[in-house]
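Below: the structure, in structure tokens.
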Amino acid sequence: MSQPQTINVTDLDIAQLSEVRKQLEDELNHLTNSFAQLKQAQAKFKACLENVKEVKPENKNKTILVPLTNSLYVPGKLSDPEHVIVDVGTGYYVKKTRPQAVKHYTDKVEYIRKNVDSLEDTIQKKRDNMNYLTNILQQKIQAETQNGPSARSQ
Amino acid sequence: MSLQAKLQQASSEFQNLQADLSKVIEARQRLEAQLSENELVKKEFATLAPENTVYKLIGPVLVKQDQAEAKSNVDTRLDFIRSEIRRVEGQIKEIESKQEKKKAELAQIQTALQQASSSTPPSAPITV
């Protein structure tokens, strides 16, 4: 399990190769999960951005429905179209002006985009490794079945 | 046979260590996530103007809070998380070194077992 990192994969036998493959598979799964989560978060922030744009002076004093729960709404009026309160994380909320809020959300989207990009790179690299490993594994299995189980290909 | 029992005991101890290790590593990851979230909040607070009121979510209620108080609150939280991370890293190292020792012990028992099985005639079968 604790093979040195510089070991040549062609030197490993089938059992070890499938072990490494399994590890890679786990890593890849974890990374794609994170990727999906990041995408989700990004979509959420983009939705916030859209919504902030609706809080504009033209909509002042218009009646809106305020959700109290998922299924209960009360009518309300938009009295202050200039300020919104933004969740900045860990239970803190900050009152911001509209442009500030827009900037906040654009920054967030950008921040996540950077992370998504670097994650995409990592996933691609892992996939390449995985394909390479699978190829070698298949070659080994083929060689094994052709030469009989006793003959190990060097 | 006693070698077998020893092997079994050592391997179960090894497995316990592995479970412990994955538990503390999970804790370490959680702390890391908290750390980065709090750092983001700190960064956010640093850009605030005086007219940006800060609210804290307590249960379902937003409560107005002093900016300076919120800032110092996040700072103490960051300090706490960092010291927790140091503590957990210490635990990880400790468990890892224990694991290494166990591994060596396991290898020793295994070679002893192999020697025993190769020196004894096949009339005494060892069931694994």
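The values are calculated or read from the model by the stated rules, or taken from the named source; none is laboratory data. Every value quoted in this text rests on a predicted model; they were computed, and no experiment measured them. With ideal geometry, Cβ positions are generated from the backbone for all residues, glycine too; neighbour counts draw on all protein chains shown. Side chains included, ligands, DNA and RNA excluded: accessible areas come from the protein's heavy atoms. Shrake-Rupley method; radii C 1.70, N 1.55, O 1.52, S 1.80 Å.
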Looking only at aspartates and glutamates whose Cα falls under 16 Å of B:LYS103's and that sit 8 or more positions away or on another chain, we get B:GLU13, B:ASP20, B:GLU94
For peptide B:42-48, the mean count of other chain Cβ atoms within 10 Å per residue Cβ is 4
The A/B contact buries a total accessible area, at probe radius 1.4 Å and rounded to the nearest 100 Å², of 1600
Computed over all unlike Cα pairs, the Kirkwood hydrodynamic radius of chain A in Å stands at 20.4
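Of the DSSP beta bridges with both residues in chain A, give the percent that are antiparallel, rounding to the nearest 5. List each step's numbers first, then the result.
On the way: 11 of 11 bridges.
Antiparallel bridges make up about 100 percent of those DSSP assigns within chain A.
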Count of lysine pairs, the stretch B:1-83, Cα-Cα under 22 Å, sep. 8 or more residues or interchain, comes to 8
Given all pairs of distinct Cα atoms, chain B yields a Kirkwood Rh in Å of 19.3
Quick calc, the protein assembly as shown, dipole around Cα centre from Cβ unit charges on Lys, Arg (+) and Asp, Glu (-), nearest 20 debye, gives 640
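Please state the shape class of the protein assembly as shown: rounded when a/c is under 1.5, otherwise prolate if a/b exceeds b/c and oblate if not, all from the C-alpha gyration tensor.
Numbers: a/c = 3.51, a/b = 2.22, b/c = 1.58.
Verdict is prolate for the protein assembly as shown.
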The answer for the net charge of residues other than B:GLU32 whose Cβ lies under 12 angstrom from its Cβ, with Lys and Arg +1 and Asp and Glu -1, is -2
Once amide hydrogens are built 1.01 Å from N within the peptide plane, the residues lying 5 or more places from A:VAL88 or on another chain with amide H under 5 Å from its amide H are A:TYR93, A:VAL94
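Shielding by partners for A:83-92, please: the mean number of other protein chain Cβ atoms within 10 Å of each residue's Cβ. Can you show the working numbers first?
Numbers: counts 3, 0, 4, 3, 2, 11, 9, 11, 7, 13.
Average per residue, whole number: 6.
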SASA check, B:GLU26, accessible area w/ 1.4 Å probe, all protein chains in place, rounded to nearest 10 Å², comes out at 110
Note: B:68-75 gets an average of partner chain Cβ contacts (10 Å, Cβ to Cβ) equal to 1
